[in-house]
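First comes the structure, then the notes that go with it.
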Amino acid sequence: MYEYLSNNCTCTYVLGAFVLLWVLVWFYRDNLEITKVSEKHVFVTGCDSGFGHLLCKCLDKCGFRVLAGCLTEKGADDLKRATGPFLKTFILDVTSTISIQKALEWTKKEVGDKGLWGLVNNAGRSLPMGPSEWMKIEDFQSTLKVNMTGMIEMTMNFLPLVKKARGRVVNVASVLGRVAANGGGYCVSKFAVESFSDCLRRDIQNFGVNVCIIEPGFFKTQVTSLEPIERELHRLWNQLTPEVKESYGDKYLDKYIKIQRLIMNTICDSDLSKVTNCMEHALLAVHPRTRYSAGWDAKLLWIPLSYMPACVVDIALKLVLPKPAKSV
């Protein structure tokens, strides 16, 4: 009996030592950073506001040569005023093939023979979001053109430059690319970002290129602004046929909006640096992570929920969302 307990204790100590060593090695590798940052170029899309705008300012302070793709002249001017002389902007519409090709030619001139160290696909669109039945095909397409097709086209065009530098592709997905919590093109597109990024990472891993996925939770940006979300919900409701409206009931829209407000006001985080810190790590680390979950709600709610059986998510959403007038 004594010998049995002694052997068990020995095994426990060995296992504990192994786990501790593994954790220490992981932390050591995770904190190793690249050198010669000032010689590396990073192209970021969607820099007019939000994550992209803040990331460009952070990368500029780190010493990177930042190439910022902005949708508007105002966004570009605001960013240039807030950063140093080494940051350069380009007016970019990721839904336009011509605009992407022009950005590519401009980038080639900027980076020269060094290649592009980082491509951050941050540009995104969330609206419209709401019940799937309320959507028309155009409502899906408007979001997919930015979040999915635009992201893929940017990556495929800029990939040769990233390969030349043995750099990184950083794609901004979402926790809603792990848990489909509402209708519209946003969840669909973010699931596509996850899938495309996994495929790309496995396809080009032998070329020394890292592909990282950023999965932010809910943060206070233009994407989660309540006014445009509610305006779009009213538009969707107004385009429904009388039969569909009757099936949901006159009070459904108001109840849906109240729940949306409660959720957004409760879990939306105002600290955008939680997301940009993940992006920075993906660009600065010698060994970047495959996935980064940003925000308390991502770590404690959405990511754990994504590993649950589908029926658990179904029941949770059924309890949270209002009940239609003619439900079964």
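The values are calculated or read from the model by the stated rules, or taken from the named source; none is laboratory data. It should be emphasised that the depicted structure is a prediction, and the values quoted were computed from it without experimental measurement. Because the Cβ atoms are built from the backbone with ideal geometry, glycine has one as well, and the counts that use them run over all protein chains shown. Keep in mind that these areas ignore ligands, DNA and RNA; they rest on the heavy atoms of the full protein, side chains included. Shrake-Rupley method; radii C 1.70, N 1.55, O 1.52, S 1.80 Å.
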If a residue must be free of Cβ contacts under 8 Å to residues at least 24 places away in the same chain and open to solvent by less than 40 Å² (accessible area, probe 1.4 Å), how many such residues does the stretch 158-175 contain?
0
Can you find a residue that is touching a residue at least 24 places away in the same chain (Cβ under 8 Å), touching a helix residue (DSSP H, G or I) at 6+ places or on another chain (Cβ under 6 Å) and of a type in the set (Ser, Thr, Tyr) anywhere in the stretch 194-217?
no
Would you point out which residue out of Lys40, Lys36 is under 23 Å from Lys163 (Cβ atoms), at pLDDT 90 or above and open to solvent by 90 Å² or more (accessible area, probe 1.4 Å)?
Lys36
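Test of understanding: among Lys299, Lys326, Lys318, which residue is open to solvent by 60 Å² or more (accessible area, probe 1.4 Å), at pLDDT below 95 and under 22 Å from Ala180 (Cα atoms)? Outline the logic, then answer.
Numbers: Lys299 fails: at pLDDT below 95; Lys326 fails: under 22 Å from Ala180 (Cα atoms).
The unique qualifying residue is Lys318.
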Please give the number of the condition Thr10 fails out of (1) of a type outside the set (A, V, I, L, M, F, W, C); (2) open to solvent by 40 Å² or more (accessible area, probe 1.4 Å); (3) at pLDDT 85 or above.
(3)
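Test Ala192 against the stated conditions and say whether it is surrounded by fewer than 22 Cβ atoms within 10 Å (Cβ to Cβ), over 25 Å from Ile257 (Cα atoms) and assigned by the TED database to the domain that holds Leu272.
When the stated conditions are applied, Ala192 passes them.
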All conditions in (1) within 21 Å of Phe158 (Cα to Cα); (2) touching a residue at least 40 places away in the same chain (Cβ under 8 Å) are true of Glu33 except (1)
Go through the residues of the stretch 99-109 one by one and say whether even a single one is at pLDDT 95 or above and either small (Gly, Ala, Ser) or closer than 30 Å to Glu243 by Cα (or both).
yes
Taking into account only those residues within the stretch 52-105 that are open to solvent by 50 Å² or more (accessible area, probe 1.4 Å) and among the polar types (S, T, N, Q), which is nearest to the chain's Cα centre (by Cα)?
Thr95
Hey, any hits in the stretch 260-273 for a residue that's modelled with pLDDT of 95 or more, under 28 Å from Gly50 (Cβ atoms) and among the β-branched types (Val, Ile, Thr)?
no
First in the stretch 244-258 and over 11 Å from Lys326 (Cα atoms) and in the same structural domain as Leu233 (by the TED database), second anywhere and part of a helix (DSSP H, G or I) and open to solvent by less than 90 Å² (accessible area, probe 1.4 Å), Cβ under 8 Å, 6 or more apart
Leu253/Leu233; Leu253/His234; Leu253/Trp237; Tyr256/Leu233; Ile257/Glu230; Ile257/Leu233
Just to confirm my filter: which helices (runs of 4 or more DSSP H) fall fully inside the stretch 195-279 and include at least 3 residues that are crowded, with 17+ Cβ neighbours inside 10 Å?
226-238, 252-267
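This table checks each residue for (1) of a type outside the set (Val, Ile, Thr); (2) touching a Ser or Thr at 6+ places or on another chain (Cβ under 9 Å); (3) at negative phi.
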residue	(1), (2), (3)
Val111	no, no, yes
Met148	yes, yes, yes
Met156	yes, no, yes
Leu161	yes, yes, yes
Arg166	yes, no, no
Ala181	yes, no, yes
